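Beneath this line is the structure, given in structure tokens, with notes to follow.
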Amino acid sequence: MINYMKSETYRLLRKKGVYITSFICYLLIAAAAVILYSTGKIDSDFPYATSKFFYSNVIASGTLIIIIGTIYNSALTGKDNSLLKQSISFGISRKIIFWSKLVLTLGSFLLICVIGMLLMIVLGESLFVDEHHAVGNFLIASLNMVPIVVSGFFLTHVLKMLKVGEAYIIIILLFVYAFSENLLRLLLRPFSGLNELYKYTPDALLDENLMSYLNDAAQINLTYWIVGFLISGIALLIGANRFAKQNID
């Protein structure tokens, strides 16, 4: 397993798409900070040149971050999946392949996210007026997002390993993380006792997290972690079992 992970790590480090995507994300963060700062200097009445608003762009982008995560997952589950047959022929078990690719791509994705958050905090505290508890609320709200975002990454990994097309993966992610609240609300409205389940959909929780942050009421909520773990557990359980049985062309 160690040798396989070393070879996958080497392959991951040589993926230009990972570096290009990371650079673009960091560039956009810096550009947003500069635009807000410059506009605030030009117009003293501009209400959005604050660290609180600057940080809110991340808290409001949970679904977008999940979509971006597909790029990092694809580093080892895209064209590299054509090498699966070769790896299996060399005696590498499907279990090792499935989990090694997940651990490495998730690790790189989380590292990029952490660096991005540090960059935002540095820019936010350097360029904007110091707002009481802004950084603390940002970190708490970001921590609430972690299980939801990671569950999206796990779901992406499962779909990629099962050879689901890119377009279908995006549709599924949008359905689960952007539209499930409204759809579930409509479907379960006639059923008493079930019509409140929409509040526990990923997009409803992400919206709630954003509102709590904007209202300076951000706090750790176990509901996010329970829902995230449920989605992650179900996706990985089904995905690992299906991958162990699927034909490798």
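I need the full set of residues from the range 206-249 which are among the hydrophobic types (A, V, I, L, M, F, W, C), open to solvent by 80 Å² or more (accessible area, probe 1.4 Å), within 30 Å of residue 53 (Cα to Cα) and part of a helix (DSSP H, G or I), in order please. 211, 222, 226, 229, listed by residue number. Candidates in the range 195-224 are the residues that are within 19 Å of the chain's Cα centre (by Cα) and of a type in the set (Phe, Trp, Tyr); of these, the one that is nearest to residue 142 (Cα to Cα) is 213.
In this structure, residue 108 does not qualify as in a helix (DSSP H, G or I) and in contact with an Asp or Glu (Cβ under 6 Å, 6 or more places away or on another chain). Taken together, 158, 164, 150 contain a single residue that is in a loop (DSSP other than H, G, I, E, B), under 28 Å from residue 84 (Cα atoms) and open to solvent by less than 50 Å² (accessible area, probe 1.4 Å), which is 164. Would it be correct to say that residue 192 is modelled with pLDDT under 95 and either under 19 Å from the mean Cα position of the chain (by Cα) or surrounded by fewer than 18 Cβ atoms within 10 Å (Cβ to Cβ) (or both)? In short, yes. Residue 119 fulfils the conditions (1) closer than 22 Å to residue 50 by Cα; (2) surrounded by 22 or more Cβ atoms within 10 Å (Cβ to Cβ) except for a single criterion, (2). Out of 141, 167, one residue alone is in contact (Cβ under 8 Å) with a residue 40 or more places away in the chain and of a type in the set (Gly, Ala, Ser). It is 141. Set side by side, the residues 63, 77 differ, and just one is surrounded by 18 or more Cβ atoms within 10 Å (Cβ to Cβ) and at pLDDT 95 or above, which is 63.
Taken over the range 35-54, the criterion of being surrounded by 12 or more Cβ atoms within 10 Å (Cβ to Cβ) and assigned to a helix (DSSP H, G or I) is satisfied by 35, 36, 37, 38, 39, 40, 51, 52, 53, 54.
The values are calculated or read from the model by the stated rules, or taken from the named source; none is laboratory data. Quick caveat, the model's predicted, so the values are computed rather than measured. Note that each Cβ is placed from the backbone with ideal geometry, even for glycine, and that neighbours are counted across all protein chains shown. Just the protein is used for accessible areas: all its heavy atoms, side chains included, with ligands, DNA and RNA removed. Shrake-Rupley method; radii C 1.70, N 1.55, O 1.52, S 1.80 Å.
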